[in-house]
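In what follows, a single structure is set out as structure tokens and then discussed.
The values are calculated or read from the model by the stated rules, or taken from the named source; none is laboratory data. Treat the numbers as computed from the prediction; the structure is a model and nothing was measured. Note that we place each Cβ from the backbone using ideal geometry, even for glycine, and neighbour counts take in every protein chain shown. Protein only, heavy atoms only, side chains kept; ligands, DNA and RNA dropped before computing areas. Shrake-Rupley method; radii C 1.70, N 1.55, O 1.52, S 1.80 Å.
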Amino acid sequence: MPEPASIRIAVIGSGPAGFYAAGHLLKASESCEVDMLERLPTPWGLVRSGVAPDHPKIKSVTRVYEKTAAHPRFRYFGNITFGQHVSREELLEHYHAIVYATGSPSDRPLGIPGEELPGSHAATEFVGWYNGHPDHTDLEVDLLSAERAVVVGNGNVAIDVARMLVLAPSELAPTDTADHALAVLAASHVSEVIVLGRRGPAQAAFTNPELLELGELGDADVIVDPDELERGLAVADAGTENDVTSRRNVEILREYAARPPVGHPKRILLRFLLSPAALLAGDDGRLASVELTRNELVPTPDGGLRAQATEERETIPAGLVFRAIGYRGLPLPGVPFDERAGVIPNRGGRVTDVAGGSPLPGEYVVGWIKRGPSGVIGTNKKDAQETVDAMLADLSAAGGESNGSAAAAGARHVPREPDAAAVEALLRSRQPELVTYAGWEAIDRHERALGEPAGRPRVKLTRIEELLRVAAAE
Ligand code: NAP
């Protein structure tokens, strides 16, 4: 029996979505060979640089990805930037398919006056900073001048940011929080964090374990004003009344509202029906206060509830604001992008030329850059399966070959030179400091060894030069 011809796939991005796609592909067909291209020297995407450092259990999902990476038909090429070291067209010459798995690395702005003031941050950059993402190592977060911080948004990122700001040094010490952030957080003068929901408690996007965790912090009380809570619940919401998570969130919030503060040195206030209208500077030009607008809930044509500003205003002194109102995808050079949705337009994972348009042969998408920044890590497993099923159906389609022009689903792309050695040579010629999986394993060992004496999972290297030096020593 002749060996089946290999099907060569390039996955762009090494976060959960990319790894689930790679894992599904390697399992589905013995002829699939997967190369993963990653901008950073290090893999795992938001599992390394997004998941909060005090949530090590969530990070243990990398064991599944390590199994995929150990597969003989898998290769990792780190420190390779798509569109800079290699173009979409070049990859289409070498691979039967490209899978874009680049996530949503950017943030959404609030669009209010004062947003650019020193002291106003995107949660994305703060999260990257405390997690040691090399893009954010030099971020200046002034936790010494401010005693109160405001976090805008009612999702799990808002909770992560609020919690990280009030964790006790003893709670932070055993984590893999980047050393530069550990030092700043340990010296922090922030004692109050206000988390703002523009809508009510029932509409919050928190998940139950994350909300419950706020009530168990060693150094901080969680405070909910009973009147504000009930005001936020005054308008019935048909959309959430049968939602188990929302109902449990409301129960937890009612427990918080009824709970007398223990008297911890720090506190988190969860407030509702409030939107920042402007960020105001003090005499020193830094953020000094936040002007808030009180909202009311009004029905939308689709049966939901939206926040509508009232005339009521409130100004609270605050030296820091973190906007945690969602991530946003970024366009990739030469790849279609839906600016409005911040995603690569697609139909069930097949990249289309425009939103609602025709599939492009050989191009697929998974994860947040496919569906937008929602869902937990595991959501990407099913999401990647949908894309892989579509790709395998296209690749096994008898006819409809194409070299890149728009074609209907089912058309397959035929690369000019699907040769593993040729593409590696091309990538190495463009990026001599390419990091292989063995290079990452050297970084991993090094970081773990640094963490061991202090009982920490690792001490992260946070500069590209350091990471490359350790990888090259391998
Ligand atoms: P998210 O869950 O979509 O929450 C975004 C929040 O921002 C919502 O409360 C939204 O309110 C609010 N918002 C949006 N625009 C706003 C504006 N202009 N002004 C005020 N508020 C605004 O996003 P996320 O927190 O970034 O999380 C992203 C995903 O990662 C989520 O699926 C989350 O569960 C997941 N995640 C999970 C964990 C975990 O499992 N531990 C940790 C972190 C993140 P509206 O509802 O009114 O739009």
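Residue count for the range 146-158 under the criterion of being β-branched (V, I, T) and more than 7 Å from the ligand (Cβ to nearest atom): the result is 2. Screening A278 against (1) within 23 Å of L233 (Cα to Cα); (2) in contact (Cβ under 8 Å) with a residue 12 or more places away in the chain leaves a single unmet condition, (1). Looking only at the range 253-275, residues that are over 23 Å from H189 (Cα atoms) and either within 15 Å of the ligand (Cβ to nearest atom) or open to solvent by 40 Å² or more (accessible area, probe 1.4 Å) (or both) come to 10 in all.
Considering each of P169, P201, P209 in turn, give the residue that is at pLDDT below 95, more than 27 Å from I464 (Cβ to Cβ) and not charged (D, E, K, R).
Numbers: P201 fails: at pLDDT below 95; P209 fails: at pLDDT below 95.
Residue meeting the stated conditions: P169.
Here A146 fulfils each of the conditions (1) open to solvent by 10 Å² or more (accessible area, probe 1.4 Å); (2) closer than 20 Å to L280 by Cβ; (3) over 20 Å from the mean Cα position of the chain (by Cα) apart from (1). Taking every residue in the range 108-125 that is more than 15 Å from G282 (Cβ to Cβ) and within 13 Å of the ligand (Cβ to nearest atom) and pairing it with any residue that is β-branched (V, I, T) and in a helix (DSSP H, G or I), at least 6 positions away or on another chain, the pairs with Cβ-Cβ distances below 7 Å are A123/V157; A123/V161. The residues in the range 369-385 that are open to solvent by 20 Å² or more (accessible area, probe 1.4 Å), more than 8 Å from the ligand (Cβ to nearest atom) and under 17 Å from S60 (Cβ atoms) can be counted, and the count is 2. Scanning the range 60-83 for residues that are within 16 Å of the ligand (Cβ to nearest atom) and in contact (Cβ under 8 Å) with a residue 60 or more places away in the chain turns up just one, V61. When the range 307-342 is filtered for residues that are touching a Phe, Trp or Tyr at 6+ places or on another chain (Cβ under 8 Å) and either within 12 Å of the ligand (Cβ to nearest atom) or open to solvent by less than 20 Å² (accessible area, probe 1.4 Å) (or both), the ones remaining, listed by number, are F322, Y327, G329, V335. The requirement of being in a loop (DSSP other than H, G, I, E, B), more than 27 Å from G282 (Cβ to Cβ) and not small (G, A, S) is satisfied by D176.
Would the range 196-210 turn up any residue that is acidic (D, E), closer than 17 Å to G155 by Cβ and crowded, with 17+ Cβ neighbours inside 10 Å? Don't jump to the end; show me each part of the working.
We begin by selecting, within the range 196-210, every residue acidic (D, E); these are 210.
In the following step, the residues that additionally are closer than 17 Å to G155 by Cβ were identified as 210.
Subsequent filtering for residues that are crowded, with 17+ Cβ neighbours inside 10 Å retains 210.
Yes, the range 196-210 contains at least one residue that is acidic (D, E), closer than 17 Å to G155 by Cβ and crowded, with 17+ Cβ neighbours inside 10 Å.
Taking the conditions (1) surrounded by 15 or more Cβ atoms within 10 Å (Cβ to Cβ); (2) within 18 Å of R163 (Cα to Cα); (3) not charged (D, E, K, R) in turn, S246 satisfies each one other than (2).
Taken as a whole, the structure leaves E228 outside the set of residues that are under 26 Å from the mean Cα position of the chain (by Cα) and within 19 Å of V150 (Cα to Cα).
Residues are listed down the side, and each one gets a yes or a no for (1) hydrophobic (A, V, I, L, M, F, W, C); (2) farther than 25 Å from V150 by Cβ; (3) at pLDDT 95 or above:
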{"position": "L269", "(1), (2), (3)": "yes, no, yes"}
{"position": "P276", "(1), (2), (3)": "no, no, yes"}
{"position": "G282", "(1), (2), (3)": "no, no, yes"}
{"position": "R286", "(1), (2), (3)": "no, no, yes"}
{"position": "A307", "(1), (2), (3)": "yes, no, yes"}
{"position": "V343", "(1), (2), (3)": "yes, yes, yes"}
{"position": "V351", "(1), (2), (3)": "yes, yes, yes"}
{"position": "E363", "(1), (2), (3)": "no, yes, yes"}
{"position": "I369", "(1), (2), (3)": "yes, yes, yes"}
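Considering the range 446-474, the residues that are within 17 Å of T177 (Cα to Cα) and basic (K, R) include one that is surrounded by the most Cβ atoms within 10 Å (Cβ to Cβ), namely K460. Would you check if there is a residue in the range 97-113 being farther than 23 Å from F337 by Cα and part of a loop (DSSP other than H, G, I, E, B)? Looking for residues that are farther than 23 Å from F337 by Cα and part of a loop (DSSP other than H, G, I, E, B), one finds at least one in the range 97-113, hence yes. For S170, the criteria (1) farther than 15 Å from L211 by Cβ; (2) within 20 Å of the chain's Cα centre (by Cα); (3) assigned to a helix (DSSP H, G or I); (4) not aromatic (F, W, Y) hold in every case but one, which is (2).
Each row is one residue, and each column tells you yes or no for (1) surrounded by fewer than 20 Cβ atoms within 10 Å (Cβ to Cβ); (2) in the same structural domain as P418 (by TED's automatic domain parsing); (3) within 22 Å of A442 (Cα to Cα).
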| residue | (1), (2), (3) |
| --- | --- |
| E30 | yes, yes, no |
| F74 | no, yes, yes |
| H85 | yes, yes, no |
| E89 | yes, yes, no |
| A97 | no, yes, no |
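Among the residues of the range 416-445, the one identified as open to solvent by 60 Å² or more (accessible area, probe 1.4 Å) and polar (S, T, N, Q) is S429.
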